[in-house]
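**Q** Starting off with a structure, shown below.
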Amino acid sequence: MELFITFEGGEGCGKSHQSKSLYRRLLAEGISAVLTHEPGGTALGENITKWLKWRKEMTLSATCELLLFNASRNQLCNDVITPAIIADKVVVCDRFYDSTIAYQGYGRGLDPDIIKVINRFAADGLVPRLTILLDMPVSLGLARKSKDRQDRFEAEKIAFHEQVRQGYLQLARNEPQRFFVVDAALSKKAIADLIWQKVASMLPKTKQPII
Ligand code: TMP
C-alpha cells in the first residue's frame, strides 16, 4: 500500500505531536509505518539541520538555504522514505517539500517555479498522497515557542511568518485533493481524531479499522 503522508504548518502548530500521534495510532491498528522528519532524518540531514537552524553566526543566503534543505531531503528520500514505501509501509513525514515553497518561496521570496524543479529533483519523484496542513494564526503559534532559545526561523519577523502561512493556504487551495487543512487551534485530541478519520478513509478496505 503506497501511502506517503506529510505534515505541514508554521511554527508552533503542533505538527510534531500530531505526526507522532498518527504514527502510534497506525502501529496500534497493526499497520506497519515509518515516522520521519525534515530537515534531518539521516546522519547527514541532522548535521545540515544544525547549520540551518542554529549556526546563527554563519551567513546563509536564501539560495544556499534552499539547496541545503534539498540536500537533506534527497538523503532522506534515498535512505528512509523510498525503502519504506518499497517495503509497503505507511510513511509519515513531519515536513516535506511544501515547507520549502512556503518558507524559501513565500517567506524568503525565491521563485516558486525554480523551487518546484529543485524540490522535485531532490524528492526522487516522491509525491505525498496526503498533506495535512495544521493552520493557525501566526501569533498563536509563536506564543507556544520559547523566546529564550529561538532558531533562525522562529527568530524571523511576524511578516515572514504571515507570508509562510498565506503560502501554505495558497498551496492547499491549489491542490485540494492532496491537502487536508485542519484548524490547529482545536484541542490536540480533536485534531488527532480528524486526522485519523481522514487517514483511515484512505487505507485499503482490508486494513480499515471500524471507527
Ligand atoms: P521544525 O523542526 O521546528 O519543523 O524546524 C524546521 C524549520 O525549518 C522550520 O522553521 C521550517 C524550516 N524549513 C524551511 O525553511 N524549509 C524547508 O524546506 C523545511 C523542511 C523546513
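**Q** In the stretch 17-49, which residue that is among the hydroxyl-bearing types (Ser, Thr, Tyr) and open to solvent by less than 30 Å² (accessible area, probe 1.4 Å) is farthest from the ligand (Cβ to nearest atom)? Break it down stepwise before answering.
**A** Initial filter on the stretch 17-49 (among the hydroxyl-bearing types (Ser, Thr, Tyr)): 19, 21, 23, 32, 36, 42, 49.
Next, only the ones that are open to solvent by less than 30 Å² (accessible area, probe 1.4 Å) stay: 19, 36, 42, 49.
Working: Ser19: 10, Thr36: 12, Thr42: 13, Thr49: 7 Å.
For the stretch 17-49, the residue satisfying everything is Thr42.
**Q** I've got another one for you. Among the listed residues Ala71, Ala62, which satisfies the condition of being in contact with a Lys or Arg (Cβ under 6 Å, 6 or more places away or on another chain) and over 21 Å from Ser19 (Cα atoms)? Working first, answer last.
**A** On the way: Ala71 fails: in contact with a Lys or Arg (Cβ under 6 Å, 6 or more places away or on another chain).
Residue meeting the stated conditions: Ala62.
**Q** How do the pairs read when you match residues in the stretch 33-55 that are more than 19 Å from Val92 (Cα to Cα) with residues anywhere that are of a type in the set (Gly, Ala, Ser) and surrounded by fewer than 20 Cβ atoms within 10 Å (Cβ to Cβ), using Cβ under 8 Å and keeping only pairs 6 or more apart or on different chains?
**A** Correct list of pairs: Leu44/Ala71; Ile48/Ala71.
**Q** Something else: Go through the stretch 157-174 and give me each residue that's in contact (Cβ under 8 Å) with a residue 12 or more places away in the chain and open to solvent by 50 Å² or more (accessible area, probe 1.4 Å). Step through it out loud before you land on a result.
**A** Start the filter on the stretch 157-174 by keeping residues that are in contact (Cβ under 8 Å) with a residue 12 or more places away in the chain, which leaves 158, 160-172.
Selection gives Ile158, Glu162, Gln163, Arg165, Gln166, Gln170.
**Q** Another one. For the stretch 92-120, which positions are touching a Ser or Thr at 6+ places or on another chain (Cβ under 8 Å) and more than 15 Å from the ligand (Cβ to nearest atom)?
**A** Passing the criteria: none in range.
**Q** Of all the residues that make up the stretch 177-201, how many are free of Cβ contacts under 8 Å to residues at least 12 places away in the same chain and open to solvent by 80 Å² or more (accessible area, probe 1.4 Å)?
**A** Adding up the residues that qualify gives 2.
**Q** Looking for something modelled with pLDDT of 95 or more and either within 8 Å of the ligand (Cβ to nearest atom) or under 13 Å from the mean Cα position of the chain (by Cα) (or both) - is there at least one such residue anywhere in the stretch 78-86? So that I can check it myself, show each step before the final result.
**A** The first filter runs over the stretch 78-86 and keeps only residues modelled with pLDDT of 95 or more, leaving 78-86.
This time we only want the ones that are either within 8 Å of the ligand (Cβ to nearest atom) or under 13 Å from the mean Cα position of the chain (by Cα) (or both), so: none.
There is no residue in the stretch 78-86 that is modelled with pLDDT of 95 or more and either within 8 Å of the ligand (Cβ to nearest atom) or under 13 Å from the mean Cα position of the chain (by Cα) (or both).
**Q** Residue by residue through the stretch 116-152, note down the ones that are in contact (Cβ under 8 Å) with a residue 60 or more places away in the chain, under 30 Å from Ala84 (Cα atoms) and surrounded by 14 or more Cβ atoms within 10 Å (Cβ to Cβ). Even if it seems obvious, please write down each step before you answer.
**A** Just the residues of the stretch 116-152 that are in contact (Cβ under 8 Å) with a residue 60 or more places away in the chain, to begin with: 126-136, 138, 140-145, 151-152.
Now narrow it down to the ones that are under 30 Å from Ala84 (Cα atoms): 126-135.
Of everything in the stretch 116-152, those that are in contact (Cβ under 8 Å) with a residue 60 or more places away in the chain, under 30 Å from Ala84 (Cα atoms) and surrounded by 14 or more Cβ atoms within 10 Å (Cβ to Cβ) turn out to be Leu126, Pro128, Arg129, Leu130, Thr131, Ile132, Leu133, Leu134, Asp135.
**Q** Look at Ser61 and say whether it is polar (S, T, N, Q) and within 18 Å of the chain's Cα centre (by Cα). Reasoning before the result, please.
**A** On the way: polar (S, T, N, Q): yes; within 18 Å of the chain's Cα centre (by Cα): no.
When the stated conditions are applied, Ser61 does not pass them.
**Q** Identify all residues within the stretch 93-115 that are open to solvent by 20 Å² or more (accessible area, probe 1.4 Å) and within 25 Å of Val34 (Cα to Cα); write none if there are none.
**A** Arg95, Tyr97
The values are calculated or read from the model by the stated rules, or taken from the named source; none is laboratory data. Quick caveat: nothing in here was measured; it's all calculated off a predicted structure. Please note: Cβ atoms are built from the backbone with ideal geometry, for glycine as well, and neighbour counts cover all protein chains shown. Protein only, heavy atoms only, side chains kept; ligands, DNA and RNA dropped before computing areas. Shrake-Rupley method; radii C 1.70, N 1.55, O 1.52, S 1.80 Å.
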